[in-house]
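The values are calculated or read from the model by the stated rules, or taken from the named source; none is laboratory data. Quick caveat, the model's predicted, so the values are computed rather than measured. Methodologically, a virtual Cβ is constructed for each residue, glycine included, from the backbone with ideal geometry; neighbour enumeration extends over all protein chains shown. Side chains included, ligands, DNA and RNA excluded: accessible areas come from the protein's heavy atoms. Shrake-Rupley method; radii C 1.70, N 1.55, O 1.52, S 1.80 Å.
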Amino acid sequence: MRADTMQERQQGSESKRNQFGDTPPEEFRKQLHELADWVADFREQIGDLRVGPNDRPGAIRERLPRRAPEDGESFEKILSDVDRIIVPGMVHWSHPMFLGYFGWTSTGPGILGEILTAPLNVNAMTWRTCPAATELETVVVDWLRKWVGLSDEFGGVIYDTASVGIMHALAVAREQAAPATRKLGLTGRNLPRLRIYTSDQAHSSAEKAAIALGLGEENVVRIPSDDQFRMDVTSLGQKIAEDRRNNLQPMAVIATVGTTSTASVDPVADIGQLCREAKIWLHIDAAYGGGFAMVPEYERLRKGWELADSIVINPHKTVFVPLDFSVLYVRDLERLRRVFSLVPEYLRGDTVEAEKNYMDYGIQLGRRFRALKAWVIWRSLGRVGVVARLREQIRLANLLTDLIRKDNRFELSAQPGMGVVCFRWVGSARCADRTPQRGVPASDRKLDQFNSEIVERINASGRAYLTQTKLRGRTVIRIGLGNVLTTDEHLRKGWEIIRETAAAVSEKSQTPKTKSQSNSNQPNAKRNKARLS
Ligand SMILES: Cc1ncc(COP(=O)(O)O)c(C=O)c1O
């Protein structure tokens, strides 16, 4: 055989190997360097991007190929499409002018932690399938427990989200209220309806959990809150007593430390006392507020935690771990294991000798190595660094509160809590026509529309991103601080944008609509433009 033919054959089989295997190491190294630059550039320049797009639904899909490619494409091409289509189609939660929901947790070390997790790509289902992932999970969960001052009677497990955490907590509460439900289910057993109580400000994950657990969303009883949006404990006691008289069985109370709209904090100690006396499971939803319990001057947030059966904390909201990362703590974690442990035959060998197999603590079998990114970020910041950053959020929230107080066209809608500030444009409407009609006065309804339009216009402009919520039926503007890139300057700029936009909305409502105005409801928006000039 001629030498060149042999070489061709060899090259052929080489390229076949590549076709079936992985990227050749040298090429992979090059791509990684390219990606590293991309990540660093993105992070450095994120403040120059529009915060969010102003596309209609489906617009991004139209720019994407309908069919998956037949043949593989180069990484360069894929990355250029990320720049061209994906990045401009995103709301940039890590942008310093992203002031919506709860401030976001992107940081350099957090990104490094995520990147580091990718090549390891293990399944943390049992100790045997990855001892380091299992043991590190136990370690970081314990670090957080100590940081927030929770007693060692509590053991924790990492889930993706608080919604999943609460569902698992309530599954244990359900087993306690109706033993053997794990085995027999709820139906055909002549059981009373099991009831869950939470405030009218609590997160909808309570109902989601009730749906998933077969308890029924109508069995989540919403208890009224007081003028500071905290659960009214007297009403809670009355509702529980009334339910008992009607042969309904109280199963759990969910108290919130940091509600979604205003970050209000329920009187957990009083609620806990009531739960102890009535032998009802107490779950604390500290998804948002839990992280702030690390701040010494916020120690009051931990009041009553010693009475809880379970607590959920979302480090992906306030302890700088990138999404997703939520920890459920259960007093005597073994109770959680008893509800969910089920070892299929093929995994039996994996479960001997282990101190802990995390697959036993929930419905998930396969589990990401989430603990690694938490370990990287928490080691990088240290407790002092985390607390300093949380204090900064509080400082910025206070700064914004002062700015709002100084402008009498706006009013605060709730006591600012942690990094959350709710307020509302009232303009001169305070003295305007408030002719009472059925339901909401006309001037209030108009103000609701105003406030909603302010938020929508700003979000469409791409200059900042805010949220709106309803408090006592009124639409309010809500700002959630927490992004480490957001500075005084960004906040002041955001406040100017709000004032400008409010003035424009108010002016528009006083001028009769012209044709051109009605066609363009986002005057500042440069549609589909990725970067702000
Ligand atoms: C108080 C509270 N609890 C629970 C949740 C649900 O969190 P997750 O998205 O982790 O399920 C939220 C979401 O914002 C929340 O604000």
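Test residue 527 against the criterion of being open to solvent by 10 Å² or more (accessible area, probe 1.4 Å) and modelled with pLDDT of 95 or more, and give yes or no. No: the conditions fail for residue 527. Pairs are defined by a Cβ separation below 9 Å, a sequence spacing of at least 6 or placement on different chains, a first member in segment 103-125 that is over 14 Å from residue 316 (Cβ atoms), and a second member that is among the small types (Gly, Ala, Ser) and part of a loop (DSSP other than H, G, I, E, B); the pairs so defined are 123/366; 124/366; 125/366. Just checking, does segment 291-307 include any residue being assigned to a strand (DSSP E or B), within 16 Å of the ligand (Cβ to nearest atom), closer than 16 Å to residue 154 by Cβ and under 23 Å from the mean Cα position of the chain (by Cα)? No: segment 291-307 contains no residue that is assigned to a strand (DSSP E or B), within 16 Å of the ligand (Cβ to nearest atom), closer than 16 Å to residue 154 by Cβ and under 23 Å from the mean Cα position of the chain (by Cα).
Restricting the first member to segment 479-501 and to residues that are more than 15 Å from residue 401 (Cβ to Cβ) and in a helix (DSSP H, G or I), and the second to residues that are open to solvent by 60 Å² or more (accessible area, probe 1.4 Å) and not aliphatic (A, V, I, L, M), the beta-carbon pairs closer than 7 Å and six or more apart or on different chains are 497/463.
Screening residue 203 against (1) over 26 Å from residue 478 (Cα atoms); (2) touching an Asp or Glu at 6+ places or on another chain (Cβ under 8 Å); (3) surrounded by fewer than 23 Cβ atoms within 10 Å (Cβ to Cβ) leaves a single unmet condition, (1). From the residues in segment 276-286 that are within 12 Å of the ligand (Cβ to nearest atom) and open to solvent by less than 10 Å² (accessible area, probe 1.4 Å), which one is farthest from the chain's Cα centre (by Cα)? The residue in question is 283. Is it true that some residue in segment 406-426 is part of a helix (DSSP H, G or I), among the hydrophobic types (A, V, I, L, M, F, W, C), open to solvent by less than 10 Å² (accessible area, probe 1.4 Å) and modelled with pLDDT of 95 or more? The answer is no, given that none of the residues of segment 406-426 is part of a helix (DSSP H, G or I), among the hydrophobic types (A, V, I, L, M, F, W, C), open to solvent by less than 10 Å² (accessible area, probe 1.4 Å) and modelled with pLDDT of 95 or more. Among the residues making up segment 69-123, those that are in contact with a Lys or Arg (Cβ under 9 Å, 6 or more places away or on another chain) and among the hydroxyl-bearing types (Ser, Thr, Tyr) are 94, 101, 105, 106, 107, 117.
Taking the numbered list (1) of a type outside the set (Phe, Trp, Tyr); (2) open to solvent by less than 40 Å² (accessible area, probe 1.4 Å); (3) more than 18 Å from residue 138 (Cα to Cα); (4) more than 26 Å from the chain's Cα centre (by Cα) in turn, residue 341 passes all entries but (3). Looking across segment 147-174, the residues that are of a type in the set (Gly, Ala, Ser) and either open to solvent by less than 10 Å² (accessible area, probe 1.4 Å) or within 13 Å of the ligand (Cβ to nearest atom) (or both) come down to 156, 162, 163, 165, 169, 171, 173. Filtering 347, 323 for residues that are assigned to a loop (DSSP other than H, G, I, E, B) and either surrounded by fewer than 24 Cβ atoms within 10 Å (Cβ to Cβ) or away from the ligand (no atom under 16 Å from the Cβ) (or both) leaves a single hit, 323. Taken over segment 128-146, the residue count meeting the criterion of being closer than 13 Å to residue 372 by Cα, acidic (Asp, Glu) and open to solvent by 40 Å² or more (accessible area, probe 1.4 Å) is 1. Residues in segment 327-338 include none that are within 16 Å of the ligand (Cβ to nearest atom) and either surrounded by fewer than 23 Cβ atoms within 10 Å (Cβ to Cβ) or among the polar types (S, T, N, Q) (or both). Hey, any hits in segment 235-249 for a residue that's crowded, with 18+ Cβ neighbours inside 10 Å and within 22 Å of residue 298 (Cα to Cα)? No, because not a single residue in segment 235-249 is crowded, with 18+ Cβ neighbours inside 10 Å and within 22 Å of residue 298 (Cα to Cα). I need the full set of residues from segment 6-37 which are modelled with pLDDT of 75 or more, of a type outside the set (A, V, I, L, M, F, W, C) and out of contact with any Asp or Glu (no Cβ under 8 Å at 6 or more places or on another chain), in order please. The answer is 21, 22, 23, 24, 25, 26, 27, 29, 30, 31, 33, 37.
Here's the yes/no breakdown for (1) more than 29 Å from residue 193 (Cβ to Cβ); (2) in contact with a strand residue (DSSP E or B) (Cβ under 8 Å, 6 or more places away or on another chain); (3) free of Cβ contacts under 8 Å to residues at least 12 places away in the same chain; (4) acidic (Asp, Glu):
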residue	(1), (2), (3), (4)
261	no, yes, no, no
268	no, yes, no, no
274	no, yes, no, no
285	no, yes, no, yes
303	yes, no, no, no
312	no, yes, no, no
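Of everything in segment 302-320 that is open to solvent by less than 10 Å² (accessible area, probe 1.4 Å) and of a type in the set (A, V, I, L, M), the residue that is farthest from residue 278 (Cα to Cα) is 319.
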